[in-house]
Structure formats: C-alpha cells, structure tokens
1. By DSSP, what percent of the beta bridges with both residues in the chain are antiparallel, rounded to the nearest 5?
2. If I fit a long axis through the Cα atoms of helix 256-265 and take the longest principal axis of the Cα atoms of the chain, what angle between them do I get, 0 to 90°, rounded to 10?
3. How large is the convex hull of the C-alpha atoms of segment 49-166 per residue, in Å³?
4. What do the square roots of 5 times the Cα gyration tensor eigenvalues come to for the chain, in whole Å, largest first, as semi-axes of the equivalent ellipsoid?
5. With +1 on each Lys and Arg Cβ and -1 on each Asp and Glu Cβ, and nothing else charged, work out how big the dipole of the chain is about its Cα centre, in Debye to the nearest 20.
6. Along its principal axes, what span do the Cα atoms of segment 165-300 show, with the longest given first and each in whole Å?
7. Each residue of segment 77-86 in turn: what ³J(HN,Hα) in whole Hz from Karplus with 6.51, -1.76, 1.60 and θ = phi - 60°, glycine and Pro shown as x?
8. How large is the convex hull of the Cα atoms of segment 18-113 per residue, expressed in Å³ as a whole number?
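The values are calculated or read from the model by the stated rules, or taken from the named source; none is laboratory data. Since the structure is predicted, the reported quantities are computational estimates derived from the model, not experimental observations. Glycine gets a Cβ as well: all are built from the backbone with ideal geometry, and neighbour counts include every protein chain shown. Side chains are part of the model used for accessible areas, which takes the heavy atoms of the whole protein and leaves out ligands, DNA and RNA. Shrake-Rupley method; radii C 1.70, N 1.55, O 1.52, S 1.80 Å.
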Amino acid sequence: MRAAVLREYGAPLDVVDTMETVKAGPGKVKVRIRATGMCHSDLSGMTGKLGVPAPFVPGHEGAGEIIEVGEGVASVAPGDHVIVNFIPACGTCADCARDEGHLCTRMMYEAMGTPNFQEDGKPVYGLVGCGTFAEEVVLPHQSVVRIDKDVPFDIAALIGCGVTTGTGAVLNTAKVREGSTVAVVGCGGVGIAAIMAARLAGASQILAVDPSAAKRELVSRFGATAAASPEEADAVAAELTGGQGFDYTFEVVGRSNTAQAAFKLARRGGTVVVVGLGARTDNLELSMGTLATQSKILVGSVYGGMDVPRFMRQLVGLWRDGKLDLEAMITKRLKLEDVNEGFELMKTGDAIRTVVEL
Ligand code: APR
Ligand code: ZN
Ligand code: ZN
C-alpha cells in the first residue's frame, strides 16, 4: 500500500507504494484512512523536535473506514466510519477513573511501542502510535471513534486533532465565559479552532495574533474581532482592553517565547492556556514574583481537555448544527504523493489546514 515515510530528520517524506500493513490482532482494528489533516506536530516530529525515532510514518489527524476487526472487538464493525483518537483511554487507570481519559498515557505508549507497518520485513512505527499518512493502519479499538456516515471524511479528519485540541482548550480547559475577552497567539488549524470556540462561548473580544499577514486577513471569518502581528500585539491589546489585558489567552504555536507573549497579554488574575506542543528542550522561564503577584492562572491543555470520544461526538454535533465552520478551515487539498508540498505551505504560516485525501 501507499504511505509517506520519514527516514531522516529534516528530510522530506518518502512516498512509497511498498509499505505493508500488519494484521489486526486481538482488540485491534484496521482502518482504511480516507483523509488526514496536516498538523504542526507532524512537522515537529519530522524535524526531530519531539524525539520520535526515525523511520516512522507521520500523521495523527485522520478519519476513515473500518475494514477489519481483531478478536474480541465489539465496539465497531467493518464498514463503520471513524475518527482516529491518538490518546486511547484504557478505561481502568486512575486518570480514566477520574473521567480524564485524555490524560491516560498507558495505551498511547503501548501503541507507540507497537509497529503499525512493515517494509522489507522490518518494522516501521507510526507517529504517536498512528501514522495516518498511509492507506491502512492498525490501531487499538479504543483509538477509533465511530461517527455517522454522512460526516465527510475531511471534516472528520480535522476533528481528529486540530479542532478537538483548539476548541477544547477554550470550552473545557479555560471554560471561557460569555462577555469575556480572549487573545489567541498563533492562528494555524488549532488556533483558528480556538477562535471559533471563543465566538461560540460568547467572548466579546477576540484578538488573533499571527505574523502571517495573509492569515490576519482570514481570521475575522472565524470570529476574531481584531488581528495583530506579534510586534503590534501588546499595543493593540492595551488599546482593546484599556491597558488591563485579556481575561483568557491561548498559546497555540508551541514555543516558550509565544507562551511568554500569551502570559503577558493576560490581565492580572487572567487565565493563560498553553496548547502548543513545544520541543522537549524548550523551557518556559517565568519569575516567581511575577507569577505570584500577577495571580495569573497558567494551565496546559492536551487534546481538548476532556474525555476524547465524548467531546469528538459533541463537536460533530456542533458542526452539524452549523456552529463550527470546519469547511472553511480547509485551505488546501492534496494527494498523498504531494504531501511534502503541504509542509512547505505550513512553514509559510499562510495555510490553515491542508488535508490529504487517500
Ligand atoms: N506569534 C504568533 N503566531 C506565530 C508566531 C509568533 N511568534 N510564529 C508563528 N506563528 C503562527 C504561524 O504563522 C501559524 O499561523 O502560528 C501558526 C501555527 O500554525 P500551524 O503551523 O498550522 O500549527 P497548528 O497545526 O495549528 O499547531 C499549533 O499546536 O498541537 C500543537 O504541535 C502543535 O505546537 C503546535 C500548535
Ligand atoms: Zn495535531
Ligand atoms: Zn487509562
């Protein structure tokens, strides 16, 4: 089958048609991937920032059809349409018992240690245990969320990471209140999803911060009430909030300097949510005095901040009700052969989401 493989950090993906899938063993399912979004975490993995050993097949924002189920799988059947959930919840650990399955790492690490493919008899892994830049992928049955068949695969794919991560940070982690003020630093797929959720929550002001001028032209469509480059951000924020700062700010780039920018943009007592996945060596420096005296709430948010399958189904409902304009997030469609073009586009910062259709 066809797949795109990262063989060496920093190199483009090698698109091959000789990759082999593995069998869907007990508790596993095989998914024929139909669409996959291109997320910045894929690029971070490919440049070595996340420490994922090469070779691997990137891609973790995917949707497709179940084509095979292993022994003991009752939750889905061949023909079902699913979204890939890259943090499968085991259902039995302390995180799961607290109903915080998005924090359950047991099965994710297990999946990361299990090869999803093979090539010339050698095992090949998938990024975060997935690898959706491939036609077929074998996953634990907890890694798929069944959806109705009328949901297009491209829309479903976006919910696989970016939409869940961005909207969940706003709705579940920060619980943005009606009438409050919001700033979003970084307006890629994840940041745009955060902007849409802030509008849905009834924020009175939503400032979008991004260095891409093309991007700043697009953000009002998703609910941003103002846009600024990183250089202008502090001045624009002062003007918009009467010098106070925002009630909620979101870092959606994945770097310590943008986290610092988001921290600064929040008002005293405001909430700062770090959503971006930074490099493991990038540390956030913050003075003790600042944190205590400004009383800001600094919090991280992973994969939507609540039980993933439940939230994904809620998001499908919001999309169906016309409350999330996910179609407008797709700024480019590519075939798997041209996947590298999508990463070049991502590096410019002008794209919201590129979707690969398989
Ligand atoms: N300030 C604000 N925005 C910035 C800055 C900056 N200094 N530098 C870059 N950006 C913008 C880019 O212009 C782009 O619009 O951040 C955006 C990042 O968008 P994408 O590359 O599409 O990233 P996305 O997939 O949205 O992911 C963002 O969330 O899940 C994590 O790992 C992911 O860390 C990544 C983050
Ligand atoms: Zn992602
Ligand atoms: Zn668990």
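1. Within the chain, antiparallel bridges account for around 55 percent of the total.
2. 40 degrees
3. Convex hull volume per residue, Cα atoms: 126 Å³.
4. Semi-axes (√(5λ), whole Å): 34, 21, 19.
5. Using only the charged Cβ atoms, the result is roughly 820 debye.
6. The Cα atoms of segment 165-300 stretch 39, 31, 29 Å along their principal axes.
7. With coefficients 6.51, -1.76 and 1.60, one gets 9, x, x, 5, 9, 9, 9, 7, 10, 7 Hz.
8. Given the Cα convex hull of segment 18-113, per-residue volume reads 130 Å³.
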